[in-house]
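Worksheet for the structure shown next.
Read the figures in this text as sums done on the coordinates, not as results from a lab. This one's a predicted model, so the numbers in the text were calculated from it and none came from an experiment. For neighbour counting, all protein chains shown are included, and Cβ atoms are generated from backbone atoms with ideal geometry for every residue, glycine included.
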Amino acid sequence: MEAFGTVREIQPAGIDGLIVYFNGTTLTQANQAVQNMKSAIREDNPVWLKALIPGYDTLLVLFDLNLADSHTVYQELRSVNPAQQATGNGQHHRLGVWYGAPQACDFDIIRRHSGLSDEQIIAGHTGQPFTVFTVGFAPGFAYMGELPESLHCPRLDSPRKRVPTGAVAIADAQTAVYPAASPGGWNLLGLCAEPLFNPHWEQPVKLQAGDTVEFYAITEAQYQERLHEQR
Amino acid sequence: MSSGNITVESAGLLTLVVDAGRHLSAQEQGFCVSGAVDIRTYNLVNWLCGNQHHAATFECIGELVLTVDAPLSLAVGGPQVDVWINRQPVPAWQTLHLKAGDELRCGSARTGSKCYVAVTGQWQLPRTQASQSIVMREGVGGLHNDGTPVKAGQVYEIKPRNMSETRQVTAPYIPDYSLSTPLDVVTGYQYHAFAPWQRQLFFASEYTVSNQIDRMGYRLSGQPVSCEMRTMRSEGINFGAIQLPPDGQPIVMMSDRQTLGGYPKIGCVAEYDIYRLAQAVPGDTVTFRAVDIDNARAGWLLRDRLERQLFEQFESEEI
């Protein structure tokens, strides 16, 4: 299927799916194109639409086989006008982080990779808002970026069996908060007390694609206090 | 109507409660889809019980033993399934009417294959994202909504409906679980990033189902296939997607797959063929055949027609 506009490529993704790959000089731009296309389709709400699963620079469109075929979906992709969608309508969140919490601290690894001091690492992580590119992997796990280049650290060679709830982590150009204890291969910076996922909330996931997140440093006492308030 | 209790006397090797899974849009929040891996058998046993498309069932590996404390209608299906009521053999693929105190026992003669047990009525279990499925990895679903599998001694409460008729899935409707014909694969995703001879190698080779198979993915072993694309960003994974990690051994993504993944994919097992792979056991061999997305849809519509007729016939009878 032919590319057009910000679309670089469209490929089949199963019998009932098309995956759309977007262009962009930066990942932020490509992701903006993903979000624009997503909200444009969502607004049109075609009867055959089953799900829209955004990645960083991709959008997987799943359709009802009884109501559409790949050509129907391609026509929809061509006819929606993502350019007209408003941008930056996501929510802004501020998340306090107890940097260097002993249960979640890879500062020595990060120092080795970046050559930065602890203060510089924290400054790099708190200095700017990050965009939520997509949510996936586990419920409520939000992939955010892009980190300043000086902070780019590769994933651990072998993932940990268990990363604690609320661990704040970085890998390559991304940062994230583990909403629940899980295995994980990212480098840990500290702990965040803010609950990000609860299956019983009406909206179980706090951070949504397109939202912006700003991290700021809190003390251990503040972290414990916030944790306590939630009980 | 009063409720009926099902007591699990033995849960076999692994028994879960599964339904048709969560709404696909739950994936946007990171929830896996979950639900029956062999959705075809799941649908048929529910039809036998006169249930809606989304009713909960037991999905069991090994021998499952249940007793009921009230009259309940049940049905069992799966590959080479044996069923007994009070130790007397009874047919699979038909509605079974149990009396209070009866014991139902079922299992597949093929160790590792999955049986599905449906019950006429509503299961009194919590829902997450509109599904009663147990997802062990996420720790949700089940009696205590903590993702633990079904255990002996547990009691499942059902709000039964009256089911007076006895339905049967007759021979032409019973799924053919054989793996002697190739699994259809809709080529796509990174297909073009595989060199033509690597693609040929994949479709010409026989793969063995390894013992690393779970609801997240089935790992196969055989001829390694490599992709020219070394790094890629995580992207949405559809049911049946065939990932090829750096070791070149295919992993087919199943019901509890994570929503995003970053390995190159050569395509997806066609939705109408996933049930055959879902019922494969370690040591089975499979081959693949390339189909394009439009032919695959035509195949899906044709094969789906039989089952839809079955359900529609039932729905019109109810009026």
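Key figures
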quantity	calculated
Residue-wise HN-Hα coupling along the stretch A:196-207, computed from phi with Karplus coefficients 6.51, -1.76, 1.60 (Hz; x: Gly, Pro)	10, 8, 8, x, 8, 5, 4, 10, x, 10, 6, 8
Where labels lie 7 Å past Cα in the beta-carbon direction, separation of residue B:192 and residue A:126 in nm	4.7 nm
Volume per residue of the C-alpha convex hull in the stretch A:93-231, rounded to whole Å³	101 Å³
Tilt relative to chain A, helix A:220-229 - C-alpha long axis, 0 to 90 degrees, to 10	60 degrees
Amide H contacts under 5 Å for residue A:9, placed H, 5+ residues apart	A:21
Convex hull of chain B built on C-alpha atoms - directionally averaged projected area, nm²	16.1 nm²
Convex hull projection area averaged over all views, the stretch A:1-139, Cα basis, nm²	11.0 nm²
Length released on extending from residue B:180 to residue B:13, taking residue separation times 0.36 nm less the Cα-Cα span	57.5 nm
Sparse-neighbour loop sites [trypsin sites (Lys or Arg not before Pro); the stretch B:142-187; at most 13 other C-beta within 10 Å; DSSP]	B:151
Residues residue A:28 and residue A:113, FRET efficiency given R0 of 22 Å [Cβ-Cβ distance, rounded to 0.05]	0.45
Convex hull volume of the protein assembly as shown per residue (C-alpha atoms, cubic angstrom)	159 Å³
Relative exposure of B:93, B:197, A:48, judged by other C-beta atoms within 10 Å (fewest first)	B:197, A:48, B:93
Measure of compaction for the stretch B:76-197 (Cα Rg per 2.2 N^0.38 Å)	1.41
Size of charge dipole - the stretch B:30-112 - debye, nearest 20, with Cβ of Lys, Arg +1 and Asp, Glu -1, no other charges	140 debye
Helix-derived mean residue ellipticity, 222 nm - over the protein assembly as shown, DSSP H n ≥ 4, -39500 (n - 2.57), to 500	-6000 deg cm²/dmol
Label-point separation, residue B:144 to residue B:216 (7 Å along Cα→Cβ), nm	2.3 nm
Test item: Cα-centred dipole of the stretch B:106-192, Lys/Arg +1 and Asp/Glu -1 on Cβ, debye	200 debye
Residue A:160-residue A:45 FRET efficiency (beta carbon distance; Förster radius 45 Å; 0.05 resolution)	0.60
Translational D in µm²/s for the stretch B:1-148 (Stokes-Einstein at 37 °C, 0.692 mPa s, Kirkwood Rh from C-alpha pairs)	215 µm²/s
Derived scalar couplings ³J(HN,Hα) [the stretch B:282-295; Karplus, 6.51 cos²θ - 1.76 cosθ + 1.60; whole Hz; x for Gly, Pro]	x, x, 5, 10, 10, 10, 10, 9, 7, 10, 8, 4, 6, 5
Trypsin sites (Lys or Arg not before Pro) lying in DSSP loop within the stretch B:213-298, provided at most 11 other Cβ fall within 10 Å	B:230
Magnitude of the charge dipole, the stretch A:1-121, Cβ model with Lys/Arg +1 and Asp/Glu -1, debye to 20	200 debye
Scattering profile of the stretch B:127-195 at q = 0.15, 0.18, 0.27 Å⁻¹ [log10 I(q)/I(0), Debye over alpha-carbon scatterers]	-0.96, -0.95, -1.10
Whole-angstrom gap from the stretch B:186-251 to the stretch A:166-231, using each part's C-alpha centre	33 Å
Dimensions in Å of the stretch B:195-319 - Rg and Dmax from alpha carbons	16.7, 58
Karplus-derived HN-Hα couplings along the stretch B:19-33 (A = 6.51, B = -1.76, C = 1.60, θ = phi - 60°), whole Hz, x at Gly and Pro	10, 6, x, 7, 4, 4, 6, 4, 5, 5, 9, x, 6, 6, 6
Percent antiparallel among DSSP beta bridges (both partners in the protein assembly as shown, rounded to 5)	90 percent
Listed residues B:149, A:181, A:6: farthest to the positive end of the dipole of the protein assembly as shown (Cβ charges)	B:149
